[in-house]
Amino acid sequence: MQFNVAQLLGEPVGATRQYALDEDIAGLDPDLEPTRPLTGSVRFLRTAEGVLVQGQLTTQTRVSCARCSTGMLVDVAVRLEEEFLSLVDLPTSTAAASDAFLIDEQNILDLSEAVRQYVFLALPLRPLCRPDCAGLCARCGHDLNDGPCTCPPEPPDERWAALAQLLTNQ
C-alpha cells in the first residue's frame, strides 16, 4: 500500500488523486487474521504540510468470541482520514512530527501502518458469536453453549445469606 506522491506534492494545495484498493493485508499484523482482501477507495488531497488521505475500506477478519472463545468472522468497515506529513517540507524541530504519519524522502506514502491501526479500531471490543452466548464454565472450561457442565454447584456465599433469606420469605 505504497504510493509515490511526488507529483501530487508538486501541485498546489487542493489537488487530488483517487485510487482503488484491493490489497491482501494478511501480513500486516500477527494478531490480525483477515479472510478477505482490503477493498475500497482512497482519496489523496494535497495540503500545505503534506497529503490528507480519506477512504472507505472494508475487509473481513477472524476473531474469537469474548465469552466462549469460538472463532468467528467479522466484517470490518474502516473510514480512514489521516494527514501524512512530508519529511522534505517538514522542519526538523516540529513536535507534531513525532506522532504523525510521514511521507519519506523518496515521496513514498505508505498506508500500511494507518490501515493496521484503523482496522484494529474498527473491530468490535467484545465480539460475540451470538447475543445469547453462555460462555465457558469458570471452573472446568466447558462450553456452556453445548449444555451444562458436570461441575457441582458452588455453595452460596455466606455474605449474601441475609439477602437470600429475603427472597425465600416472599
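Summary of values
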| item | result |
| --- | --- |
| Long-range amide H partners of GLU33 with built H, under 5 Å | ARG62 |
| About the Cα centre, charge dipole magnitude for the chain (Lys/Arg +1, Asp/Glu -1 at Cβ), debye | 560 debye |
| Selection from THR39, GLN60, GLY50, by position along the positive dipole direction of the range 2-133 (Cβ) | GLN60 |
| Length-normalised contact order of the chain in % [C-alpha pairs under 8 Å, at least 6 apart] | 18 percent |
| Proxy reagent accessibility, fewest Cβ within 10 Å first, across TYR118, TYR19 | TYR19, TYR118 |
| Under the Karplus curve 6.51 cos²θ - 1.76 cosθ + 1.60, θ = phi - 60°, whole-Hz ³J(HN,Hα) for the range 136-142, x wherever Gly or Pro sits | 10, 5, 5, 9, 10, x, 5 |
| The chain: angle of helix 112-122 to the longest principal axis, Cα-based, in degrees nearest 10 | 30 degrees |
| FRET E, pair ARG79, GLN106, Förster distance 30 Å, beta-carbon r, rounded to 0.05 | 0.60 |
| Per-pair calculated FRET efficiency, R0 = 45 Å: LEU128 and ALA48 via Cβ, rounded to 0.05 | 0.50 |
| Theoretical ellipticity at 222 nm over the chain - DSSP helices of four or more residues, -39500 (n - 2.57) apiece, nearest 500 | -3500 deg cm²/dmol |
| Cα-based radius of gyration of the range 2-133 once divided by 2.2 N^0.38 Å, which approximates compact folds | 1.23 |
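We did not get these values from a lab; they are worked out from the coordinates using the rules stated. For clarity, every value in this text was computed on a predicted model and none was experimentally measured. With ideal geometry, Cβ positions are generated from the backbone for all residues, glycine too; neighbour counts draw on all protein chains shown.
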